[in-house]
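> Sharing a structure here in structure tokens format.
Any read-out appearing in this document is the output of simple, stated calculations on the displayed coordinates, not a laboratory observation. Just so you know, these numbers come straight off a predicted model, no measurement behind them. Note that we place each Cβ from the backbone using ideal geometry, even for glycine, and neighbour counts take in every protein chain shown.
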Amino acid sequence: MKFLSTIEGEGKERILKELESIVGSEYVSSSREITFLYHWDFVTAEKPGCCDFVVMPSSTEEVQEIVRLANREKIPVIPWVSGMNFGGICIPRKGGIVVDLRRMNKVLEVNEDDMYAVVEGGITWGDLKGYLEKHHPNLRAGITWSPAGTGVIPPYICYGMLDLGFIGGTGAEFINGLEVVLPTGEIVRVGSCICTNYWLGRAPLPDLVGLFIGWDGTTGIVTKAGIKLWPNLPRKDFIIIADTVDTGVKIFRKL
């Protein structure tokens, strides 16, 4: 199978050098051996795409510089966390730059009193769960039924189903605030973090979080998120078998 680059010659070399100046030469590649790995969605049967560059930033500021470069050069940008997505939404269809966020995988803050965590955009469920179990065993996050290596932020901003969904709603309802790099390179924050150091909710300002929920990353790259935490109470996991969906939902509601 042949994959054609959309940027060739001196222009490609120039852009590669600029990306290297942003993140360092070890964290950017245009080689076919590397970019090939980002042409696929590892869990769906969608057809592969093709990207020109893969870059791995470590900070919001580096993401900002990458987006500014892409905006200036009119190059598509595809945010990427783990490559395990629904519907192939992270497959590069028109070449461009895949922004692999896996280096931005830290828990930046846990507020036990207000029960929230501030995490970076590339954090995985394994990262988050392991951190909370080690440092804050009395708290837990609402999690999906996906592998430990998949991202936390994607299902939150895409209305993902969580194990605490019947208590707190979809993943979108677990977001207190976001830091986002817009397609033009501006950095914005939404939620209480706009006017305070606390990421405890979306009030008291108008709720603008919806500008980035349900858009699958097309309105900006999320670099930080404040997410709700819950008491880690004793629980028992079990499977319910119902003859219809309606019956199953009624049982869950009673629980």
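> Residues of the range 116-147 being buried (at least 17 other Cβ atoms within 10 Å of the Cβ) and more than 18 Å from the chain's Cα centre (by Cα), which ones?
Hits for the range 116-147 are 132, 136, 139, 140.
> When residue 191 is evaluated against the numbered criteria (1) of a type outside the set (Asp, Glu); (2) surrounded by 17 or more Cβ atoms within 10 Å (Cβ to Cβ); (3) at negative phi, which criterion, by number, is the only one it fails?
(3)
> Please enumerate the residues belonging to the range 106-139 that are touching a residue at least 60 places away in the same chain (Cβ under 8 Å) and either outside any loop (DSSP other than H, G, I, E, B) or of a type in the set (Phe, Trp, Tyr) (or both).
108, 109, 110, 111, 116, 117, 118, 119, 120, 132, 139
> Inspect all residues belonging to the range 66-73 and state whether any of them is in contact (Cβ under 8 Å) with a residue 60 or more places away in the chain and closer than 15 Å to residue 217 by Cβ.
Scanning the range 66-73, I find at least one residue that is in contact (Cβ under 8 Å) with a residue 60 or more places away in the chain and closer than 15 Å to residue 217 by Cβ, so the answer is yes.
> Would it be correct to say that residue 99 is surrounded by 15 or more Cβ atoms within 10 Å (Cβ to Cβ), outside any loop (DSSP other than H, G, I, E, B) and out of contact with any helix residue (DSSP H, G or I) (no Cβ under 9 Å at 6 or more places or on another chain)?
So residue 99 fails the test.
> Scan the range 102-115 for residues that are under 11 Å from residue 225 (Cα atoms) and surrounded by 17 or more Cβ atoms within 10 Å (Cβ to Cβ) and jot them down.
Once the filter is applied, which keeps residues that are under 11 Å from residue 225 (Cα atoms) and surrounded by 17 or more Cβ atoms within 10 Å (Cβ to Cβ), the range 102-115 yields only 107.
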